[in-house]
Amino acid sequence: MANPAPPLIVVTDLDGTLLDHHDYSWQAAGEALQALAHRAIPVIFNTSKTLAETRVLQQRIGVNHPCIVENGAGVAIPHGYFPTTPATARDQGDFHLQTLGTPYADIRATVVALRESRGFDFAGFGDMDLDAIIDHTGLPGEDAARARQRQFSEPLVWRDSEDSLTEFIELIEDRGLHFTRGGRFIHIMGKNDKGHAMHWLADQYPLPRPRVMALGDGENDIPMLQAADLPVLVRSSSHRPPTWPGACFVDTEVETAANAMAALNRGDNDCEATGMNRTETETDENSGRRTQPARDDGTDNVGNDETGTENPEAPRQTVLLTDKPGPQGWNDAVLTAVRLLAR
């Protein structure tokens with residue numbers, strides 16, 4: 001059982017972050033996981049996966065801490081983990097479940113009604129048999145079956161145009177739902193996100209409130225990274241790094257990474273306080289010069305407003321960007337944080 005008042009909690013996305021994007025392996029992060037366990041630092045999974053999937057992964061990896069599932073819609077807390085169980089959490093046998101999202105049946109009814117009335121072309125998990133889910137996820141049969149046990153969100157394979165997707169998003173938001181992109185699917189859910197759930201869970205720890213290190217690789221991880229004390233964007237092997245207004249990136253392959261993380265650990269989580277400029281993160285194929293991450297439309301939006309113009313009023317947040325993708329990058333960043341704590 002975790003120390004009830006740890007100095008740090010590590011909150012992590014799974015697919016593409018702690019788990020390899022292609023084969024779902026986590027072994028490359030083994031050294032850091034052992035270091036965290038040795039120091040009784042909790043590892044909190046914060047994922048788009050279902051509770052059934054996540055609890056099995058906790059057992060496989062040897063993690064016995066709370067977890068956040070379906071993009072912040074639910075938080076599972078082992079019995080006796082906190083001195084006082086949150087009053088709003090429901091007893092589910094060997095854990096309590098705090099619901100922060102919208103029931104799956106309501107979400108499913110909304111997306112099906114929109115497809116029938118507007119003719120959108122997509123397939124949700126509710127439309128797929130087990131073989132189709134295996135094909136889309138690459139999961140083995142038992143894991144794919146757990147992925148179907150949805151409580152709060154519907155992953156979609158979008159087959160229509162981007163214009164239709166824009167219309168679809170507007171319609172679901174008019175109906176009180178929300179949209180986010182994961183590594184493989186778009187996810188329809190309630191007005192919940194990974195950041196809000198992470199903040200709620202961190203508040204359950206006894207005082208002094210632990211600092212929060214968060215690691216993720218996708219757009220749906222942005223609220224979590226924005227809310228973290230030590231945000232780490234894990235480089236992806238399958239897509240370009242997402243960006244958001246005000247974020248400035250420190251590449252962990254350079255020596256300044258440790259200095260930046262030390263500043264973040266002190267609570268100096270803005271670019272000026274850490275002494276960092278906006279980091280170069282992608283390589284220009286023509287010049288060899290490293291450039292900023294770009295949006296899907298190819299424009300730079302770090303520290304920009306919606307027009308692509310630099311917005312000097314936007315809050316500036318320092319974010320570490322790993323040199324290596326997936327669990328190896330996760331491992332290196334977490335070990336850096338652990339070494340800082342040991343000083």
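General remarks:
- Listed by first and then second residue, the pairs with beta-carbon distance under 6 Å, at least 6 apart or on different chains, first residue in the stretch 8-34 and under 15 Å from G218 (Cβ atoms), second among the hydrophobic types (A, V, I, L, M, F, W, C) and in a loop (DSSP other than H, G, I, E, B), are T12/L18; L18/W26; L19/W26.
Every residue, every condition in (1) closer than 24 Å to G72 by Cβ; (2) modelled with pLDDT under 95, yes or no:
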{"position": "I107", "(1), (2)": "yes, no"}
{"position": "V111", "(1), (2)": "yes, no"}
{"position": "S117", "(1), (2)": "no, no"}
{"position": "G141", "(1), (2)": "no, yes"}
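- Which listed residue is open to solvent by less than 30 Å² (accessible area, probe 1.4 Å), within 16 Å of the chain's Cα centre (by Cα), farther than 30 Å from T336 by Cβ and polar (S, T, N, Q), from N220, N192: N192
- Test for V11: is it touching a helix residue (DSSP H, G or I) at 6+ places or on another chain (Cβ under 6 Å), of a type in the set (A, V, I, L, M) and under 18 Å from D229 (Cβ atoms): yes
- In the set I107, I133, only one residue is without any contact (Cβ under 8 Å) to a residue 60 or more places away in the chain, open to solvent by less than 20 Å² (accessible area, probe 1.4 Å) and part of a helix (DSSP H, G or I); that residue is I133.
- For the stretch 146-153, the criterion of being among the hydroxyl-bearing types (S, T, Y), open to solvent by less than 30 Å² (accessible area, probe 1.4 Å) and in a strand (DSSP E or B) is met by at least one residue.
- Any hit, the stretch 69-91, residues being under 21 Å from the mean Cα position of the chain (by Cα) and of a type in the set (K, R): no
- Reported count of residues in the stretch 172-184, each being over 22 Å from C67 (Cβ atoms) and either in a helix (DSSP H, G or I) or free of Cβ contacts under 8 Å to residues at least 40 places away in the same chain (or both), is 4.
- Residue among T299, T318 that is of a type in the set (S, T, Y) and modelled with pLDDT of 50 or more: T318
The values are calculated or read from the model by the stated rules, or taken from the named source; none is laboratory data. As the structure is a prediction and not an experimental result, all values here were calculated from the model. Don't worry about glycine lacking a Cβ; one is built from the backbone with ideal geometry, like all the others, and counts go over all protein chains shown. Ligands, DNA and RNA are excluded from the accessible area calculation, which covers all protein heavy atoms including side chains. Shrake-Rupley method; radii C 1.70, N 1.55, O 1.52, S 1.80 Å.
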